[in-house]
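The values are calculated or read from the model by the stated rules, or taken from the named source; none is laboratory data. Quantities reported herein were computed from a predicted structural model and do not represent experimental measurements. Ideal geometry is used to build each Cβ from the backbone, glycine not excepted, and the neighbour counts take in all protein chains shown. Ligands, DNA and RNA are stripped out before the accessible areas are found, and what is left, the full protein with its side chains, is counted by its heavy atoms. Shrake-Rupley method; radii C 1.70, N 1.55, O 1.52, S 1.80 Å.
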Amino acid sequence: MRLAKDDDDRLSALEVEAALVALSDADWKRLFKIAQYESAFDLSGVTGEELIHEAVLLLLDGTRRWKRGVHAFKALPFIAHSISDNWRNRDGLFDRTVAVDHGLSEDTNDGTVTFVQAVDNKTPEVIADGTSQLNQLLRALGDDDEAALLALSWAEDMRGEEARKALGWDEKRHDAVRKRLGRKLDSLRAMRERT
């Protein structure tokens, strides 16, 4: 087990273990939900819980680093993202091509132009943009864990009753969180329109 030096910028295995033990059940649930979003992209059969557990194992054995001053909600999802990206690349699950369908041809003075249309719009750029937008939203929500969990549920295409049941909330709590999240989304939309 590695011991931290005074000038070391990363946590020792003992410090990592202490930081992990200090996380509450609600913290773990939120981390699993964040990682579940990561595993939803082409990692069928892999849960967010498995990604976080893999990240914990790599932190404890010293393979991955946890820098001092970085909160668990930044360190663990970042490592889970890296792990899932490695698994996708290793298994060839990340298709970097776009399927196209040949459309109509048009004769021009310069020759023939063939129009093509994308069959599947799920390109790496689209996936990265969606992930980036979700990460921006989660950062904007800050410490509002409930709103972040609801946003992640929405990202998984769960709505209304389904999301409420998955989160284990009663109707009153769900409506209150939904309204808070709606207000935050409205303020972000207004800020985005100004820029």
Heavy-atom accessible area of Ile83 with all protein chains present, probe 1.4 Å, nearest 10 Å²?
10
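Could you state the accessible area per residue of the range 122-190 in Å², with a 1.4 Å probe and every protein chain left in place? Mind showing how you got there, number by number?
Numbers: 4000 Å² over 69 residues.
Dividing the accessible area of the range 122-190 by its residue count gives 58 Å².
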For the range 122-190, what log10 I(q)/I(0) values come out of the Debye formula at q = 0.14, 0.15 1/Å, with one point per alpha carbon and no solvent?
-0.44, -0.50
Scan around Ser12 for amide H atoms under 5 Å from its own, H built in the peptide plane at 1.01 Å from N, and keep only partners 5 or more places away or cross-chain.
Ala4
Kindly report, to the nearest 10 Å², the accessible surface of Phe78 as traced by a 1.4 Å probe over protein heavy atoms only.
140
Neighbours of Lys74 by Cβ distance under 11 Å: Lys/Arg at +1, Asp/Glu at -1, summed charge +2
Under the 0.36 nm per residue contour assumption, what length would be gained going from the current alpha-carbon distance of Asn86 and Ala13 to full extension?
24.0 nm
Simple spin-label estimate for Thr47 and Asp170 in nanometres, 7 Å along Cα-Cβ
2.8
